[in-house]
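First the structure, in the form of structure tokens, and then the observations on it.
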Amino acid sequence: MLKVEIVKSLQNNYIFVLTCTQTGKTSVVDPSQALEVEEHLNGKRVDIILNTHQHDDHCYGIKELVEKHHCHVYCPVNDIKDGIGAVKYVEDRSLLTGLRAKDTINIGEVQLEVMEIPGHTMNHIAYFVPSQNLLFSGDTLFAAGCGNTFDGDVEALYNTLNKFKFLPKDTKVFCSHEYTLNNIEFALREYPQLETLKSRYENAKVLLANNIPLVPLHLSEELFTNPFLLAPDLEFFKDLRAKKDKF
Ligand SMILES: [Fe+2]
């Protein structure tokens, strides 16, 4: 079984520390900083780093963690081809492996499957744990929102979000940023009838004020309240994404 711990970093990043409870093998997802990870691990070793996409706020901690732990780094295969992202932070290329859709990797006894989820960036990947229905989705799906398409493509993002609709409904989504309040404010402007978002907003404010992370998201809740998952077609989605970019 995989234990997931959440480490907050930078202004609004979430780093995830995954531990196989049988073997103690440990992995870190998108280490934006090494310091917070080391403090959290308190002397424990990192065996694997999992990177979802090229942006520096998902990679900054990789160099220091690799130097200290000599751990293996997995990232999108196309980021290696393009010479971007994690590849910039790993000098010893024997420690770096590129992943594509349907590849599997293990953290101890627990298997993870790779999904290609283009949109926020074109090479973006996610890690899905089928034995527990956990999804580590980087900057693609957020609470009541989704990633922007600065380096990506809005049609690809639309198709990726539609792909998420076919995951098991009890999937828990670990996204890499805390944008809940801003996303709900936008969602309520577009869908004022979504009453459930109002209570979610009030709950989120209380939890955040008490320093409690708002991940994981529940896919079942997102399916009924996330305006980007509710978009009926591509044109509507494009318009919504453009409005959110200016919000
Ligand atoms: Fe990003």
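The numbers here are math on the coordinates, done by the rules we state, and not lab data. Quick caveat: nothing in here was measured; it's all calculated off a predicted structure. We place every Cβ from the backbone using ideal geometry, glycine too, and count neighbours over all the protein chains shown.
General observations
- For the range 131-192, the relative contact order comes to 53 percent (Cα pairs under 8 Å, sequence separation of at least 6).
- Look at where the Cα atoms of the range 122-143 and of the range 157-189 average out, and the two centres are 10 Å apart.
- Average Cα contact separation per residue, the range 5-88, under 8 Å, 6 or more apart, as relative contact order %: 24
- Relative contact order for the range 2-246, counting Cα pairs under 8 Å that sit 6 or more residues apart, in percent: 14
- Neighbour-limited loop hits for trypsin sites (Lys or Arg not before Pro), the range 35-99 (at most 14 other Cβ within 10 Å; DSSP other than H, G, I, E, B): Lys44, Arg45
- Of all aspartates and glutamates in the structure, the ones whose alpha carbon falls short of 15 Å from that of Lys68, not counting any fewer than 8 places away in one chain, are Glu36, Glu38, Glu39, Asp47, Glu91, Asp92.
- Each residue in Asp56, Asp47 was given a count of other beta-carbon atoms within 10 angstrom of its own, and listing them fewest first yields Asp56, Asp47.
- Anisotropy class of the range 1-154 from Cα gyration tensor, a/c 1.5 cut: rounded
- Percent antiparallel among DSSP beta bridges (both partners in the range 2-246, rounded to 5): 65
- Counting neighbouring beta carbons within 10 Å and listing from fewest to most, the residues His70, His120, His177 come out as His70, His177, His120.
- Taking the range 89-132 and a reference point 7 angstrom along Cα→Cβ of Gln22, the backbone N atoms nearer than 19 Å belong to 104-114, 128-132.
- Split the chain at each of the GluC sites (Glu not before Pro) in a DSSP loop with at most 14 other beta carbon atoms within 10 Å, and the longest piece is 110-247.
- Separation of the alpha carbons by more than 24 angstrom is noted, of Lys3/Lys163; Lys163/Lys238; Lys169/Lys198; Lys88/Lys246; Lys8/Lys44; Lys198/Lys243, for Lys3/Lys163; Lys88/Lys246.
- Three-way shape call for the range 111-186 based on the alpha-carbon gyration tensor, with the a/c threshold at 1.5: oblate
- Pairwise centroid distance, computed over Cα atoms, of the range 71-101 with the range 1-48, Å: 19
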